[in-house]
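The values are calculated or read from the model by the stated rules, or taken from the named source; none is laboratory data. Computed from a predicted model, the values in this text were never measured in an experiment. For neighbour counting, all protein chains shown are included, and Cβ atoms are generated from backbone atoms with ideal geometry for every residue, glycine included.
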Amino acid sequence: MGFVIVLILVGLVLIFAEILLIPGVGIAGVLGLLSMGGSCFYAFMEIGKTAGIVVTVINSALIVALTIWVLRANTWRRMALETNIDSKAVGSESSVLAIGDKGKTLSRLAPMGSARFGNYVIEVKALEGMIDPEVEIEVVLIEDGKIYVKVV
């Protein structure tokens, strides 16, 4: 009887894993159903007809209960991510800059780095060579979301 219970538990765990952890693959679900079917078969062959019927009814009830639990909206709501993303697309700060705007480098531009233009910290690219930190720079070109600068 212990082997039948182990097969039922293994089957439930595999079906649960198929539904929640690895959906779409099918291997765990098939193995889970085979395990539960094997528990019915083993109960019929080794224990007897009455035990086989009882195990089959219990397996059917467990599968129906698992299906009902999974299909409830509350189950998925508890597992769903409820975080909102408030960020903007990369490069949107370039729309606040114009050619000729002046700023100061925050990091070394080798050739890319950070610079401050007013209240904005923006990633910029040196037009020529490298530029050290804390150097006054000027926007000379804005192309494809990239901002090119040179030393003032």
- Message: Show the residue pairs meeting these rules: Cβ distance below 6 Å; 6+ apart or different chains; first residue within segment 117-133 and in the same structural domain as Val96 (by TED's automatic domain parsing); second residue among the acidic types (Asp, Glu) and assigned to a loop (DSSP other than H, G, I, E, B).
- Response: Phe117/Asp101
- Message: Every residue in segment 29-53 that is under 15 Å from Phe3 (Cα atoms) and of a type in the set (Val, Ile, Thr), please.
- Response: Ile47
- Subset of segment 29-76 (residues that are outside any helix (DSSP H, G or I) and at pLDDT below 85): Arg72
- Kindly list the number of the only condition in (1) under 21 Å from Glu134 (Cβ atoms); (2) modelled with pLDDT of 70 or more that fails for Glu93. (2)
- Query: Does any residue in segment 59-87 that is under 27 Å from Met36 (Cα atoms) and assigned by TED's automatic domain parsing to the domain that holds Val13 come within less than 8 Å, Cβ to Cβ, of a residue that is among the hydroxyl-bearing types (Ser, Thr, Tyr) and modelled with pLDDT under 75 six or more places away or on a different chain, and which pairs are these?
  - Reply: Trp69/Thr75
- Message: I need the full set of residues from segment 135-152 which are hydrophobic (A, V, I, L, M, F, W, C) and in contact (Cβ under 8 Å) with a residue 24 or more places away in the chain, in order please.
- Response: Val135, Ile137, Val139, Val140, Leu141, Ile142, Ile147, Val149, Val152
- Message: Going residue by residue through segment 22-31, is there one that turns out to be over 30 Å from Ala80 (Cα atoms) and surrounded by 15 or more Cβ atoms within 10 Å (Cβ to Cβ)?
- Response: no
- Where residues in segment 1-12 are closer than 17 Å to Ala61 by Cβ and free of Cβ contacts under 8 Å to residues at least 40 places away in the same chain, which of them is surrounded by the most Cβ atoms within 10 Å (Cβ to Cβ)? Leu7
